[in-house]
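One structure below.
The values are calculated or read from the model by the stated rules, or taken from the named source; none is laboratory data. Computed from a predicted model, the values in this text were never measured in an experiment. Cβ placement follows ideal geometry from the backbone for every residue including glycine, while neighbour counts extend to all protein chains displayed. Just so you know, the surface numbers come from the protein's heavy atoms only, side chains and all, with ligands and any DNA or RNA stripped out. Shrake-Rupley method; radii C 1.70, N 1.55, O 1.52, S 1.80 Å.
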Amino acid sequence: MQEAIVITEQPVSVSVPVGYSFTLRCRAQGQTSLQFQWFCQYQSDCRLIPGATNQDLPIIAEQTQLYTCRVNDLHRNAVFSDWVKVEVHQCVARGLPPQLWQGEPVIVLNPSEQQVEVGQPLQLQCAAMGVPAPSYQWYRNGNLLEQQKRKKLLITHTKVSDSGTYLCCASNRHGEHWTNAVDVHIGEQSQPTSLCCKSPGGRCTCGSGKFFATGKIALLVGNNRYQHHPNLMAPVRDVFELSRLLKHLGFQVVSLLDLNKAEMATAVSRFLQLLGKGVYAVFYYAGHGYEHVGRNYMVPVDAPQPYAPENCISVQRILQKMQQQQTALNIILLDTCRKWYNPGCALSQVQPLEPWGNTVYGYSTSEDAEAYELQDGEFSSGIFMKYLKKHILQQKKVTHMLEDVLEDIGRDPLVTGKQVMEIKHTLKEARSLTDPICPSGAAAEHWGHGQELPSKTVTFPCGARVELHFLRLFSNLMFVCAKPQPPLAHVTDPQLLLHQLAEADDLAIQRESCLDHVETLLASVYKREELDCVFQLCALQKIQTDVVLQLDLHYVRPSTKQRTCESLQMTLHKSLLRQFFSQRSDSQPAPARAGSVCLQDALVLSTDPKGSLSTGSGHSLPSSSPSTFSSEPEENDESDLGELCMALLRAGPGQDGP
């Protein structure tokens with residue numbers, strides 16, 4: 001017998017920031033005309049929503065609530081839609097969600113590192129926005145945890161085997177996003193997986209047959225903005241994501257964006273200098289590229305149109321020099337097209353590789369094929385990186401890990417018949433990226449270090465104190481952040497502005513190099529209160545002179561009610577900013593203190609009473625009062641939803657509620 005009313009489209013749960021506007025939808029079919037009435041539930045109180053008698057319910061998110069829609073016909077038959085949850089995040093980082101948000105998952109709360117005694121409970125927590133609300137899946141060491149499908153991971157009685165690296169994937173029909181990976185140590189025996197122990201005499205105590213690295217070093221290059229070729233979108237985010245994952249595996253990482261040929265050559269030279277016997281080396285490139293007769297070429301941002309091998313960087317030449325350093329593992333990951341290009345050009349001269357059985361090539365696509373990007377809100381992500389980040393933390397031979405990536409790409413319907421990953425290797429040992437480190441020298445320890453600068457507190461003539469943070473998302477891109485420090489009783493309505501004092505040519509370089517939407521990545525890493533006033537310094541490798549920044553403090557004096565401006569100027573030494581591009585002979589190893597610059601020596605402060613207001617090339621945000629940062633929305637008790645549904649059914653159409 002045909003039902004009197006059938007709901008053909010159920011409303012869906014959403015997870016959104018406070019103030020976000022959206023619409024819940026309910027569609028139904030019946031034998032007569034239908035009437036709709038929406039209800040909401042908050043803290044066990046179910047209420048009819050006055051005037052909500054349409055199929056669509058427009059909502060401006062204010063607090064986390066549950067909603068359902070009653071549908072009745074002229075014969076007093078009634079059915080209810082599914083209960084759906086509107087989860088409202090009261091406080092999210094600045095820049096989230098991105099301006100062009102289409103409902104894809106956006107991580108607003110990352111799990112934190114834990115150390116737990118054996119037998120005690122372990123709880124990890126994350127949260128993501130999304131329309132529809134995201135589903136969650138937790139992973140440990142790259143392996144799916146079948147029972148952990150909520151944003152809160154709970155293990156009531158931990159074992160030593162529960163130690164490892166955890167991360168969570170939030171997904172909906174628009175895509176997926178991953179949380180930061182965090183280490184969990186259970187019991188006294190748990191140690192970070194990236195290091196191994198030494199005996200009192202300094203000898204590595206890794207057991208026989210256990211593979212280890214004497215160091216782990218990675219160079220990541222992403223070219224996005226090209227002078228003579230179409231711009232790309234995915235490399236900036238892909239380099240950012242891979243950098244974080246490799247750091248969790250114990251790698252010293254340098255990540256660089258938008259390099260010309262000379263800059264790429266310098267970065268590679270510095271990279272090769274730090275390699276040595278027993279080191280695990282990873283080189284990753286995302287950008288334009290091509291292949292000809294088995295040779296792969298990376299295209300710098302200044303390559304002409306059309307380009308030739310002399311305008312590009314040979315991948316095989318880099319690998320040959322990596323082998324000469326007696327490394328234990330060489331991994332080349334190329335996220336670039338491999339279309340045959342300019343067949344009339346002569347090949348670069350490269351000697352055959354030595355048969356040392358330690359080399360792995362991971363191509364994002366097959367020979368004479370293209371590599372694709374996925375549009376993801378304000379950012380894109382390469383298909384290759386989408387699946388590489390899912391598997392890279394696995395404790396298995398690196399070639400087996402890449403095979404898992406290959407299989408996932410092969411199952412993706414978006415690129416079926418268009419993009420297939422290819423793996424080439426001579427790896428004769430079961431080496432893994434998760435292998436421990438047994439250091440044998442100090443030089444490698446400085447690759448990727450020295451770039452995180454300590455915070456600095458400055459004081460204005462009025463007595464107001466401002467803390468400066470120097471944050472690097474990439475090795476050649478820095479954010480300078482200013483945050484007022486309490487108490488501010490002697491000033492009211494403080495506003496901070498950061499800008500650069502420079503010649504027109506220097507400002508033009510900064511404007512041309514500045515990347516849009518990078519602050520969204522910044523907001524995913526740092527807390528909101530650290531990002532009140534932000535200035536972006538790009539293309540640090542191009543800086544030839546010291547950088548002078550001016551910090552303006554606008555405030556109202558309580559005694560006179562007049563608005564006043566005071567300024568401080570800061571000089572950042574060029575040696576601090578472009579430390580990875582200092583010139584050195586390729587034959588000379590890096591000194592032990594390479595690129596190490598003390599902030600007290602690199603930062604010079606002076607007071608300027610005039611307070612110029614000219615705007616620099618970076619991006620400044622107005623300051624706001626600091627607030628407690630919490631991305632976790634309030635929770636509802638949904639255990640009595642069945643009773644609510646039954647009560648509403650008993651009430652029947654025409655009544656206000658149970």
Accessible area in the full protein assembly, largest first, 1.4 Å probe, for Glu62, Glu291
Glu62, Glu291
Subtracting the Cα-Cα distance from 0.36 nm times the residue separation, let me have the gained length for Glu407 to Lys456 in nm, one decimal.
12.8 nm
What percentage of the solvent-accessible surface of the stretch 39-108, computed with a 1.4 Å probe over protein heavy atoms, is contributed by carbon and sulfur atoms?
46
Over the stretch 1-96 - Rg/Rh using Cα atoms and the Kirkwood inverse-distance radius:
1.05
Anchor Lys210: lysines whose Cα lies under 28 Å away (excluding residues fewer than 8 positions away in-chain):
Lys159, Lys198, Lys247, Lys277, Lys321, Lys389, Lys390, Lys396, Lys397, Lys424, Lys428
From the Cα centre of the stretch 1-68 to that of the stretch 289-332, the distance in Å is 57
Could you give the length gained by full extension between Asp493 and Asp45, i.e. 0.36 nm per residue of separation minus their alpha carbon distance, to one decimal place?
157.2 nm
Just tell me which lysines come within less than 22 Å, Cα to Cα, of Lys483; anything on the same chain fewer than 8 places away is out.
Lys456, Lys527, Lys610
So, with points 7 Å from each Cα along the Cβ direction, the Gln562-Arg150 label distance in nm works out to 6.1
Students often get this wrong: which residues of the stretch 78-105 have the backbone nitrogen under 12 Å from the point 7 angstrom along Cα-to-C-beta of Gln35?
78
Describe numerically, in nm with one decimal, the distance between label points set 7 Å from Cα along Cα→Cβ at Thr23 and at Val160.
6.0
Relative contact order of the stretch 233-310, pairs being alpha-carbon contacts under 8 Å that are 6 or more residues apart, as %
30
Give me the lysines in straight-line cross-link reach of Lys418: C-alpha distance below 18 Å, same-chain residues under 8 apart excluded.
Lys339, Lys386
Multiply the residue separation of Asn141 and Gln102 by 0.36 nm, subtract the distance between their alpha-carbon atoms, and state the gained length in nm to one decimal.
11.0 nm
Which order do the peptides 64-76, 160-172 come out in when sorted by mean C-beta neighbours inside 10 angstrom, highest first?
160-172, 64-76
